[in-house]
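Novice: Quick one: the structure is below, and I'll ask about it shortly.
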Amino acid sequence: MSIPPPDPAFVLRGTGAAVNSLNFNCGIPEQQPLLFSGSENGLIHVWNLKTHRAGTKLDGHNGKSVLWVEALQRGNTILSQGRDQQVCLWNIDEGREQVTDSIFTESVGFCRCSLLSLEPGQWMLAVPSGNMSEVQILNLPSKTRVCTLEPDADAKLGMPMCMKLWQPLTSSAPLLLVGYEDGSVTLWNTAERKVLSRLKCHVEPVMGLDFDPQKARGISGSSDRFLHSWKLDEQQNLKLHEQLELTNAGIADIQIRQDCRILATAGWDHRIRIFGWKKIRPLAVLQYHSDSVHCVAFSDHSKPTERQLAAGSKDQRISIWSIYNET
């Protein structure tokens, strides 16, 4: 007899709107573990995971939906992206609630930014552009534009829907994976500003993707019924690896856990699905939410037994789960 899936460890309430983005900051032992959430009403909540309460509410996107939020520098600085066409840099050290800098993106879509740490105090940021298919690459904190990645006009990829910046093990130049509106995943070389490979994996727009540099393997989901796993060969060509048909269509987000053992998907069918990553096999279906799940995130706790999974939903709640964290 199979073991039924668990209930959430706890639930965070009080966002006042659908939750679009989540990011943990739990890897520093001397600091309180935090979770950052971005909501449709333009607010960013800073949740204390010990008290299960939001200690701070940040309001800097003029009431426009927050698409993405990520912590920098020991959790004292965060980046947020809103549908007001702004990426905001926040200083929240010692209770501050101020925007210290911002970037005007011109983007009116729903594609989230992607951030890559280059060295202490230096980052690379991929930002959707105001032009249809373009992505801009910036260095932070200088905001210097590294390049603009623009597909050929005859490619007809549509808008970028999701992105993942990553650092190859054998190259100094970061690469960017972009899932486009036409259902394709494209690999860009940011130094040479060119497409290395393109793979048409979905019949609908790619809604979420993640990538494992150690295995040179990634996964993507769409509004269709399939998860597609793909590999990067030695010539940097993307090739389909596995396909898994889902019970219900619609994936809003995909995250591979930091230890690359499991992954989680956020479903339009109100469910969170857990899969093994070595082989894409279903492990659990987590049911709590009463509406579409928009985002999932794994915590960065240093102790594996403390690791958590968070899911944000259109039902305005954030569920926190303790699952598959024995080792």
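The values are calculated or read from the model by the stated rules, or taken from the named source; none is laboratory data. Fair warning: this is a prediction, and the values are worked out from it, not measured in the lab. Glycine gets a Cβ as well: all are built from the backbone with ideal geometry, and neighbour counts include every protein chain shown. Side chains included, ligands, DNA and RNA excluded: accessible areas come from the protein's heavy atoms. Shrake-Rupley method; radii C 1.70, N 1.55, O 1.52, S 1.80 Å.
Novice: Once you mark the GluC sites (Glu not before Pro) that are in a DSSP loop and have at most 16 other Cβ atoms within 10 Å, what is the longest gap between them in the chain?
Specialist: That would be 235-325.
Novice: Apply the Karplus curve 6.51 cos²θ - 1.76 cosθ + 1.60, θ = phi - 60°, to the phi angles in the stretch 214-223 and return the couplings in whole Hz, x for Gly and Pro.
Specialist: 4, 8, 6, 9, x, 8, 9, x, 9, 7
Novice: Using 0.36 nm times the number of residues separating Ala153 and His241, minus their current alpha carbon distance, what extension gain do you get?
Specialist: Value of the extension gain: 28.8 nm.
Novice: Determine the per residue accessible area of the chain with all protein chains present and a 1.4 angstrom probe, expressed in square angstrom.
Specialist: Roughly 45 Å² per residue, with all protein chains present.
Novice: Could you check how much of the accessible area of the stretch 81-200 is carbon and sulfur, as a whole percent, using a 1.4 Å probe?
Specialist: C and S atoms contribute 45 percent here.
Novice: Just one of (i) 5, 18, 22, 15, 7, 5, 6, 7, 6, 4, 2, 2, 1, 0; (ii) 5, 24, 35, 25, 9, 1, 0; (iii) 6, 27, 37, 24, 5, 0 is P(r) over Cα pairs in 10 Å bins from 0, in percent as worked out from the coordinates here. Which one is it?
Specialist: (iii)
Novice: Using only Cα atoms, figure out Rg for the stretch 70-135 and give it as a multiple of 2.2 N^0.38 Å.
Specialist: With N residues counted in the stretch 70-135, Rg over 2.2 N^0.38 Å equals 1.17.
Novice: For the stretch 249-257, take each phi angle, set θ = phi - 60°, evaluate the Karplus expression 6.51 cos²θ - 1.76 cosθ + 1.60, and give the result in whole Hz per residue in order, putting x for glycine and proline.
Specialist: The phi angles translate into 6, x, 10, 9, 7, 9, 9, 8, 5 Hz.
Novice: Still on this model: I'd like the trypsin sites (Lys or Arg not before Pro) in the stretch 131-189 restricted to DSSP loop residues with at most 13 other Cβ atoms within 10 Å, sorted by number.
Specialist: Lys143, Lys156
Novice: For the stretch 275-327, run through the trypsin sites (Lys or Arg not before Pro) and keep only the ones in DSSP coil with at most 16 other Cβ atoms within 10 Å of their Cβ.
Specialist: Loop-located and lightly packed - Lys278, Lys279.
Novice: Classify the stretch 174-221 as rounded, prolate or oblate from the Cα gyration tensor: take a ≥ b ≥ c as the square roots of its eigenvalues, call it rounded if a/c is under 1.5, otherwise prolate when a/b beats b/c and oblate if not.
Specialist: Cα axes put the stretch 174-221 in the oblate bin.
Novice: How would you classify the stretch 44-87 from its alpha-carbon gyration tensor, with a ≥ b ≥ c the square roots of the eigenvalues: rounded for a/c under 1.5, else prolate if a/b is greater than b/c, otherwise oblate?
Specialist: Cα axes put the stretch 44-87 in the oblate bin.
Novice: Tabulate in residue order the Karplus-calculated ³J(HN,Hα) for the stretch 124-138, using 6.51 cos²θ - 1.76 cosθ + 1.60 with θ = phi - 60°, rounded to whole Hz; enter x for Gly and Pro.
Specialist: 10, 10, 9, 10, x, 9, x, 6, 2, 10, 6, 10, 9, 10, 10
Novice: Could you work out how far the C-alpha centroid of the stretch 77-114 sits from that of the stretch 154-227, in angstrom?
Specialist: 24
Novice: Could I ask something else about it? What does the charge dipole of the stretch 182-327 about its Cα centre add up to, to the nearest 20 debye, if the Cβ of each Lys and Arg holds +1 and the Cβ of each Asp and Glu holds -1?
Specialist: The dipole of the stretch 182-327 has a size of about 280 debye.
Novice: Express in % the proportion of alpha carbon pairs of the stretch 89-181 at distances exceeding 21 Å.
Specialist: 38
Novice: List the trypsin sites (Lys or Arg not before Pro) within the stretch 25-89 that DSSP assigns to loop and that have no more than 15 neighbouring Cβ atoms inside 10 Å.
Specialist: When the trypsin sites (Lys or Arg not before Pro) of the stretch 25-89 are filtered for loop state and at most 15 Cβ neighbours within 10 Å, Lys50, Lys64 remain.
Novice: Once Rh is set to the Kirkwood radius over Cα pairs, what Stokes-Einstein translational diffusion coefficient, in µm²/s, holds for the stretch 171-279 at a temperature of 4 °C and a viscosity of 1.567 mPa s?
Specialist: 92
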